[in-house]
1. Among 952, 812, 893, whose Cα sits farthest toward the positive end of the charge dipole of region 793-985 (+1 at Cβ of Lys/Arg, -1 at Cβ of Asp/Glu, about the Cα centre)?
2. Treating region 793-985 as a set of equal point scatterers at the Cα positions, no solvent, please give the Debye-formula log₁₀ I(q)/I(0) at q = 0.09, 0.12, 0.15, 0.19 Å⁻¹.
3. Sorting 858, 707 on the 10 Å Cβ count, fewest up front, what's the list?
4. If packing is taken as the average count of other Cβ atoms within 10 Å, what order do 888-895, 236-243 fall into, highest mean first?
5. Toward the positive end of the charge dipole of region 339-481, about the Cα centre and with charges on Cβ (Lys, Arg +1; Asp, Glu -1), which of 472, 431, 375 goes farthest?
6. Rounding to the nearest 20 debye, state how big the charge dipole of region 629-751 is about its Cα centre with +1 on each Lys and Arg Cβ and -1 on each Asp and Glu Cβ.
7. To the nearest 20 debye, what charge dipole does region 793-985 have about its Cα centre, counting +1 at the Cβ of each Lys and Arg and -1 at the Cβ of each Asp and Glu?
8. Can you sort 626, 884, 692, 928 by how many other beta carbons sit within 10 Å, fewest first?
Amino acid sequence: MDPFDSNISDRANLPRNMIENSMFEEEPDVVDLAKDSTAFPTFPALDPDEVAYEPRSSRLLVRGLGENDMDEDEEDCESSARLLGMSFMNRSSANRPSSSPYARQPPPRSCSRPSARTTVVCVLFLVIVASMTMVLYFLPGCTFTKTGCRKANQTTPLVPVNPASSSGEPFPWNGYRLPQSVHPLSYEVTLNPNLEDMTFTGYTVINMSVQHNTKRIVLHSAKLNITGATFKLGEGDSKAVTVLEYLPRQQIAVQFSEDLKAGQSCVLTLEYSANLSHTYDGFYNSSYTDKDGNKRVLAATQFEPLYARKAFPCFDEPAFKATFLIKISRKTDFMTLSNMPLAKSTPLANGLMQDEFEKTSVNMSTYLVAFIVANFTSMTKNVSNTLVSVYSVPEKKEHTDYALETCSKLLEFYNDFFEINYPLKKLDLVAIPDFLAGAMENWGLITFRETSLLVGQNSSPLEKQVVASVVAHELAHQWFGNLVTMSWWNDLWLNEGFATYMQYMSLQAVMPKLDIGNLFLAVRFRALDKDSLNSSHAVSTEVNKPEQVEEMFDSVSYEKGASILLMLNASLPGEQQFRKGIIEYLKQFSGSNTVTNNLWNSLTQVEVSAQHQNVSEMMSSWTSQKGFPLVTVSRKGDEVTLTQEHFLLTSDDATHTSSLWNIPVTYVTDNCSLAPECRQVFNLKTKSGTLKLAESVKWLKLNYRNTGFYIVHYGNEGWATLIEALNSNLSVFTHEDRASLIHNIFALSRLGRVSLPSPQPVALRIYILHQFRSLMDNQTWTEEESVSKQELRAALLGTACSLGEENCLNQAKDLFKQYLQSNESTKIPGDLQQVVFTVAGQSDEDWENLLDLYVHATYDAEKRSMLRGLASTQDARRIAWILKAGLQGNIIQTQELPLVISTVCNGFAGYLFVWDFIQENWDRLIEKFPLGSFAIQSIVKSVTSQFSTQAHLDQARVSKPEVLLYLGGQGVLSETGPVRCIFAQGG
Ligand SMILES: [Zn+2]
């Protein structure tokens, strides 16, 4: 299967990895030698392994430097093209719209017999260019630039044709993606973790089938010390084999003297030992302190996206699906969990028990495999033939009720909605005490941070909203992601956008009281704000390197992905077309892998109305280019002209794009503006379009209920009529429409299209208090049931106290005092904890009290509110202490460091301390949080959030240039980070 979306080939003419891995600082001179790319033959098909999965830029470069595995006829014409076209061949792919970014074209026959003259010219060119290239190549640490090779290559050195494996022998593969010649069918993984010395040994048996003749098997392995390997072909005998390892790409290989033949089956067995990971990925060790103060250890896994290879050697790409049989040994006072139910437990000679789990009943991707060794307890319930359990550390067992209840309702909802029953016999939800992500959707064994799964008896509806949202999201993945999986990480949004969309959709249906619709609205505004930066990227984006894969886990994949699905659902003509389309998609691709277009095709094929809509045509404009449109409305009498342009917050020297979107513009007018029937649709596919309105219509409001992913500018007159309408009747619009008007006018002000008054900071305080004081004063400090009222209260009181409003500060201090004096038996309402603890964090005495409470608190949500309170201190010594404690991980778990840093950075002077702290500890930070990960993105964004001068930018460039790469969360994906926008906007 082509792992790349054919949609993206058009825009892949400048592969990002080529520009940004610093192979070429600028276009190399050789490009100029071959301007007419079509004059050169295209590449012939090679060994099937070679066809697909390697970043073409590096591949062409390397091939041009001398790799030779084609026959002579082919090479005659090829070589000059290779040498001359190292990069132009990439560029010319724009002229070959049908080509996949990595696929090669069949050889043109006319190329097989060159004339003598051509041959001479070819040879001459070859000699000259080869000499130049060799000189450049052999200069150590060089990068190709227009001025030759004088610039140190700081990130990616040139990789030779056959990189040397760790033993010194040539490694038989040179690509990030694995060859396709051998596919895994099943794994049997036996693990023996030792939780005392934090090591483990493993024994992995992989059954494989050979797809194409090949002399090598290449798979992933990271930080595993392989101590033995055997290989068995078909019915033959097992033979010991040598395993070669190429550390930079976390790959191992076995090479054979004879071809393995297509259709043959074979078995590779690997024995190894390793340390349990001390970061948050792979098979990692974790610990917590129990209620008696004893340290308890456990081991858990986090494999998405690239870390299954740290626990067992495997073909660690999502499209290599297989079955898994897991065996784990444990001490008798521990228990184990894995994706499947326990099949049997066998006592071992060394006094340990070995738990064996049933073989997975489904083919699954490696990143979804999971296992845990711990001493957890559970609550269990049977739901539609699935045994649902929620696991936690023993003392938090009573906090699992809510998750169990919520999961049960959602499981029934999804079974019904997708018309496909959850395919496994059991579903475990496990709260892990030390866990970096919010949750992970491992099939049948979903792991959570404690805050995302456990809620106490007194928890507020807002805390329950968090748990319900995360459970709904992870459960949706059991279909979107687990049953049907993206072929490669470039289409991660197929997993994440869908799960995010389904989490809001399902909760609106199943638990309407949670008021999840407003949360989704806020998420869409946030997605627009992030996607308006030049550093954003297309929803479906080419990725190869591990950091690029990590970076896909961002707002674009999750939040924009969900937003465009909502827009699509709202614009489809038939009521049920969206649901029927996704059922069709899930059924058609059940157990396999997909690309974005598979989804659009399924949605197009389902005809439920006479009005045909080509979903693919509409949606590709939203997934294949970054950003979103600004729709400007101008009206003359009965004629309304809509014009679209890229809404891009950027400095003047940044690229201005001519992107166009296929926008299903919705609108309502003063004749009818509230009910869904009022909504009218106009498809804007070109730069501008015109629609007719009766002259009597006073105003029109676009983007009904803000279901579309665009911003609207009505011009002075248009805004005036809308404001007038609101002044006379606030309820003339739905609350989503009112919110979208407010959001859009602020966004337009950032873009410089409208001017809003901008008071000085002191005046701003007075202005805010003047506008909101009566609302602030009306808030209660006791329990409140309604989620939206809680949110409003938390926002108003949080603002009031941060602005030093006396009444608020006194109330918060009183509540904290009562809480302390009653020995925590007086509860602070969940939504007010943050306000109260933040106020406490500002005083010397209460900060110490708060620290004491934090150390002894067990309930995670409360603990995090306390931590935020501690980190909001303005005391320099305390700021320094809390940052250090977060890195050490004893008093404050290291998983909380991103939260600590973002809170400190919100303070007046804190960001300067954090900037120093990050510079000093960068290496330790990236050891704990992988480059590109959400955690490192968050850290870098926090620390630079208040940088707003050229001096800051210069300082960042000089002292920590790699930080700039990660600004905006799309560092390697972007040419410029939002820092440019920050400077352009002046704040
Ligand atoms: Zn997810």
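1. 952
2. Calculated log10 I(q)/I(0) at the listed q: -0.36, -0.63, -0.91, -1.26.
3. On the way: 858 17, 707 20.
Ordered by Cβ neighbours within 10 Å, fewest first: 858, 707.
4. On the way: 888-895: 17.0, 236-243: 12.8.
Highest mean packing first, the order is 888-895, 236-243.
5. Going by the charge dipole, the pick is 375.
6. Working: 11 positive and 12 negative charges, 42 e Å.
Magnitude of the dipole: close to 200 debye.
7. On the way: 16 positive and 21 negative charges, 76 e Å.
Value, rounded to 20: 360 debye.
8. Details: 626 24, 884 13, 692 9, 928 20.
Taking fewest neighbouring Cβ atoms as first place, the list is 692, 884, 928, 626.
Here, each number is a calculation from the coordinates, and none is a lab measurement. What you see is a predicted model, and the numbers here were worked out from it, not measured in a lab. Please note: Cβ atoms are built from the backbone with ideal geometry, for glycine as well, and neighbour counts cover all protein chains shown.
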